[in-house]
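Working notes for the structure below.
The values are calculated or read from the model by the stated rules, or taken from the named source; none is laboratory data. Please read these numbers as outputs of a predicted model, since none were measured by experiment. Backbone-built Cβ (ideal geometry, glycine too); neighbour counts: all protein chains shown.
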Amino acid sequence: MVKLENISEAMDQRAIRVGQMELLRLRLELLEGQERLLVEAYICHRFSFRQLAHLQGTRESKVARQIKGLIQRLLGKEYISIIRSRERFSGEELKVAYDYYLLRLGYRTIAQKRAISEYRVRKVIGRLKRCLEVINIRGQRAAKGCQQILSTISDPPSLAVRATADKNAKQIKNSKFKGSKQRNKSHRKHKNHKII
């Protein structure tokens, strides 16, 4: 017997996969050269890892690892965050970001590929990492702010807010009431004192 929960979970997972595939197709434009051809052949043209390995003349496991890594990094946040704020970076920095965050090349390989010093590569990657930290912190703050705003707009005042408002109102009422009680007591004392 098939449970409805399992069917709904399977449908949710399928919807997530379909959404990820659409996102991947859009982000394919970020890849260059051979990497783009590999991922495009795998995603759009449904080539298997074995077919791609045969075309490249390499092992199937190497091609599978390369494609899976590229897909994972295309769906990740690091390189996409840099691309979204590309106006902050120079052309050289964007190329180094591509090599480092998408292709996962080492400092020396990037330096040779881009014809710059290894020192310069380290400096650029350090700057990219610092900028990513700032972008992530701003994104978290913005997300928290949006959640707070949405919760106040969409929900009526929560029970906690109501309870604190009621508590504050009672405190104010009690403080006024206590003052009148104290005045009454002192007034009685004076009356009693006069009588004696």
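Restricted to the stretch 99-119, and to residues that are small (G, A, S) and surrounded by 12 or more Cβ atoms within 10 Å (Cβ to Cβ), which residue is nearest to Q72 (Cα to Cα)?
Initial filter on the stretch 99-119 (small (G, A, S)): 106, 111, 115, 117.
Filter once more, keeping what is surrounded by 12 or more Cβ atoms within 10 Å (Cβ to Cβ): 106, 111.
Numbers: G106: 18, A111: 24 Å.
Taking the candidates together, the pick is G106.
On the phi > 0 side of the Ramachandran plot and free of Cβ contacts under 8 Å to residues at least 40 places away in the same chain: which single residue out of R65, R86, R104 fits that description? Quick ask: steps written out before the conclusion?
Working: R65 fails: on the phi > 0 side of the Ramachandran plot; R86 fails: on the phi > 0 side of the Ramachandran plot.
Exactly one of R65, R86, R104 is on the phi > 0 side of the Ramachandran plot and free of Cβ contacts under 8 Å to residues at least 40 places away in the same chain, namely R104.
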Report summary line: Within the stretch 93-121, residues being farther than 24 Å from Q66 by Cα and in a helix (DSSP H, G or I) number 3
Report task. Return yes when R46 is outside any helix (DSSP H, G or I), in the same structural domain as Q20 (by TED's automatic domain parsing), at positive phi and of a type in the set (D, E, K, R) and no when it is not. Result -> yes
